[in-house]
């Protein structure tokens, strides 16, 4: 391993590639189109790892992200975010060079899409279970009206997109499967109801796509986080620790021996302030070290107990503390890799290759 | 107000300048050196607003931040973060062009400082009450040993630096004053004990500096957050809402009428995921709008109830919801402005002037 001097995000390329291959194989075995969400990595180089597994169509969460990947050779892009009509000109420009699929949940928004430079594919977003954006799956009249409006426009009705984000609240693979079964049932009912429009069914959260082996009535999957996974996914039951591919290396800047704590250079501006809460205790990352191959080894009973802007406080054991020195690097397995990636610009593979990223 | 199309951070310059003037005046009236922390804004233009109030010495939290402000004409800089010995070369380079003050809490670290290009001033960091980095104030022997080591090196012992970060846990100006009185007493005792070394006493959290009017035995203050303040500071008792100078403008992308909720383009990658917790309820920002002068007006009973990577869910009232449309901008008063600033690159004053910022 190269010697880093400031908080640095390490992506273990061989683990990430294995995560991609596993998901691509699962999609292929189920006859699904695999259209991974790229918001997790936001990196053109990581995009190429997907291309190596035959991926041709991708998913993003903003127009700037779509533009970045379009420039880097991707021409089938779903923007899985409610259309922001204030960016209609940027969307219009993008529609000239890319086969674009967008998400809509309101007829009012459709009237704004008449000025788009090219035709686009439209998913109606379904909000089943998660209660964020999307039409509720049982609002059949409303859904029917939106389909009619799309059919009367120059754009194409593609089908239904549902992100079952409530799977993140599961705490076992069994309960993730329950979320998936409800989702499958809801989407199948919708598909039957609107069968004359031949709706494409798209789903895509990491927990269900990781845990479920057999997908019925689904046409495409769009997971993102699985490429790196993170501590939360190990606790949900989506993966085990050896499948997590992202770790933040942080210099130790002080050792508080009397409290069995390390002070590290690595805080909310690096990891984000997302916490995992268990038994009323907040947890900002698992703590360990990277071996020479860039694999994570957890220290016993060690975690990030608190973070401020640039500082992190690691709670550890008397055994670990006597082996560590100021100037050593600890590796933090993040709570939410998507957020940590978004915070960071210094990103390298375990072999020291720089990974570029969409800049804000 | 200019029309923005994506999440955009607005800094109300006239409010921020008034916040700076108030703190500068307070420092002057107390005979204190005012050495504000620049990690909150990270902006060379905002730095000039301080220069207009006579500020000459500043505080930062990383070497990259020190370098950025050195390039922009600041030559008296305190890096208020435990020295990261892995960056000793960068520190050495910086010490050639800037009067540098650094924080140390270990004698071991001092031995690493022998290679620095120039002499630097050294604060011993005191960890009283906050339990993050720093020597505890009652470890007098340890403190004495560190002072001796500094005196025997080529560097200067400057004094004691204490960030009373536990003032952020206060929930009234009265309890902030209690934190300050303890701090003042601790620092006075330390000063008396080591009076032969003429220690400079530096403190600097926003809550105490905002609430306290009379400082005894203190030589300099180093607050940062007060330039913009935020929702947390209004709840702590440091300021009122009209003194908050930072708001994130977010496009409404969907309206969930049945749930009295707005879906906005603005999530954890814009606001950070920092939450304010009250009565077991999490809160990710106050919701309102900006008037034509860029002043914030809160909607009644409206707050950001949940955020994911790019989405925010606003809980609001039936009265507000009927007046809002997809494509309108809402203004979010952030929970923690330092974190929101760090997330954002699109930053403008209320008059539409772009504010540049240290890039990561």
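The values are calculated or read from the model by the stated rules, or taken from the named source; none is laboratory data. Bear in mind that the values here come from a model prediction, so they are computed numbers and not experimental data. Please note: Cβ atoms are built from the backbone with ideal geometry, for glycine as well, and neighbour counts cover all protein chains shown.
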### Query
For the stretch A:7-49, what are the residues that are free of Cβ contacts under 8 Å to residues at least 40 places away in the same chain and in contact with a strand residue (DSSP E or B) (Cβ under 8 Å, 6 or more places away or on another chain)?
A:24, A:28, A:47
### Task
Return the residue satisfying two criteria in turn: it lies in the stretch A:77-98 and is in a helix (DSSP H, G or I) and within 22 Å of residue B:328 (Cβ to Cβ), and of such residues it is farthest from the other protein chains (Cβ to nearest Cβ).
A:92
### Conditions (1) more than 14 Å from every other protein chain (Cβ to nearest Cβ); (2) touching a strand residue (DSSP E or B) at 6+ places or on another chain (Cβ under 8 Å); (3) closer than 20 Å to residue A:230 by Cα: number failed by residue A:57
(3)
#### Entry: Options B:203, B:211; residue that is surrounded by 14 or more Cβ atoms within 10 Å (Cβ to Cβ), closer than 19 Å to residue B:234 by Cβ and assigned by TED's automatic domain parsing to the domain that holds residue B:144
B:211
### Criterion: closer than 28 Å to residue A:328 by Cα, away from chain A (no Cβ under 14 Å) and crowded, with 22+ Cβ neighbours inside 10 Å - qualifying residue of B:119, B:101
B:101
### Task
Take the residues in the stretch B:224-253 that are assigned to a strand (DSSP E or B) and crowded, with 24+ Cβ neighbours inside 10 Å, then tell me which one is farthest from the other protein chains (Cβ to nearest Cβ).
B:247
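Restrict the check to the stretch B:138-157 and report whether at least one residue is within 24 Å of residue B:39 (Cα to Cα) and under 26 Å from the mean Cα position of the chain (by Cα). Can you show your working first?
First, the residues of the stretch B:138-157 that are within 24 Å of residue B:39 (Cα to Cα): none.
So far as the stretch B:138-157 goes, no, none of its residues is within 24 Å of residue B:39 (Cα to Cα) and under 26 Å from the mean Cα position of the chain (by Cα).
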#### Entry: helices (runs of 4 or more DSSP H) fully within the stretch B:254-360 counting 3 or more residues that are at pLDDT 95 or above, within 14 Å of chain A (Cβ to nearest Cβ) and surrounded by 20 or more Cβ atoms within 10 Å (Cβ to Cβ)
B:268-271, B:337-343
### Breaking point among (1) free of Cβ contacts under 8 Å to residues at least 24 places away in the same chain; (2) more than 10 Å from chain A (Cβ to nearest Cβ), for residue B:108
(2)
### Task
Would you check which residues across the stretch A:132-156 are touching a helix residue (DSSP H, G or I) at 6+ places or on another chain (Cβ under 9 Å), touching a residue at least 24 places away in the same chain (Cβ under 8 Å) and within 14 Å of chain B (Cβ to nearest Cβ) and list them?
A:132, A:135, A:137, A:146
### Query
Which residue, of B:40, B:8, is in contact with a helix residue (DSSP H, G or I) (Cβ under 6 Å, 6 or more places away or on another chain), at pLDDT 95 or above and within 14 Å of chain A (Cβ to nearest Cβ)?
B:40
### Task
With the condition kept exactly as written, say whether any residue in the stretch A:4-21 is crowded, with 18+ Cβ neighbours inside 10 Å and under 15 Å from residue A:221 (Cα atoms).
yes
